[in-house]
Amino acid sequence: MKIRKDDTVLVIAGKDKSKRGKVRSAYPKDERLLVEGINFIKRHTRARGQARQAGIIELEAPIHVSNVMLLCNKCNRPARVGFHFLGDGRKVRICRSCHEVID
Ligand SMILES: [Zn+2]
């Protein structure tokens, strides 16, 4: 996937459009990301012993990678991501606006 844990992303679609947040975890299999402060859903919970209180809690839900763009930490713009192979065979991501290596 083009986006990984600890990246900062910009939301480009959905109700959190134009917000930004840090990727808390990535689920490459589902092509989804859990982003800090993005895509809250409300869950109604029932008390379960003393550990949990009944009521409504808000949780972040994973959003699809196609709804976000990676924010380049070099040029600070939403970046389209490309790949590049280094001399030692390592594959790195590059920002296609400033052509800097992202990781
Ligand atoms: Zn850049």
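Any read-out appearing in this document is the output of simple, stated calculations on the displayed coordinates, not a laboratory observation. All of these numbers come straight from a predicted model, not from anything done at the bench. Glycine gets a Cβ as well: all are built from the backbone with ideal geometry, and neighbour counts include every protein chain shown.
Some points to look at:
- Subset of the range 26-51 (residues that are outside any loop (DSSP other than H, G, I, E, B) and in contact with a strand residue (DSSP E or B) (Cβ under 8 Å, 6 or more places away or on another chain)): A26, Y27, R32, L33, L34, V35, F40, I41, K42, R43, H44, T45
- Filter pass, E60 being surrounded by 14 or more Cβ atoms within 10 Å (Cβ to Cβ) and in contact with a Leu (Cβ under 9 Å, 6 or more places away or on another chain): yes
- Selection from the range 52-68 of residues that are in a loop (DSSP other than H, G, I, E, B) and either within 16 Å of the ligand (Cβ to nearest atom) or in contact (Cβ under 8 Å) with a residue 12 or more places away in the chain (or both): A61, P62
- Scanning the range 2-36 for residues that are loosely packed, with under 13 Cβ neighbours inside 10 Å and on the phi > 0 side of the Ramachandran plot yields a count of 2.
- Among all positions in the range 1-17, there is at least one residue which is touching a Leu at 6+ places or on another chain (Cβ under 6 Å), within 21 Å of A79 (Cβ to Cβ), part of a loop (DSSP other than H, G, I, E, B) and of a type in the set (A, V, I, L, M).
- Any chance K74 is surrounded by 13 or more Cβ atoms within 10 Å (Cβ to Cβ), touching a residue at least 24 places away in the same chain (Cβ under 8 Å) and in a loop (DSSP other than H, G, I, E, B): yes
- On the stretch given as the range 28-62, residues that are in contact with a Phe, Trp or Tyr (Cβ under 9 Å, 6 or more places away or on another chain) and more than 14 Å from K15 (Cα to Cα) total 4.
- Subset of the range 69-100 [within 16 Å of the ligand (Cβ to nearest atom) and of a type in the set (A, V, I, L, M)]: M69, L70, L71, A79, V81, V92, I94
- As a summary of the residue check, N39 satisfies the conditions (1) within 13 Å of K2 (Cα to Cα); (2) in contact (Cβ under 8 Å) with a residue 24 or more places away in the chain except for the one numbered (1).
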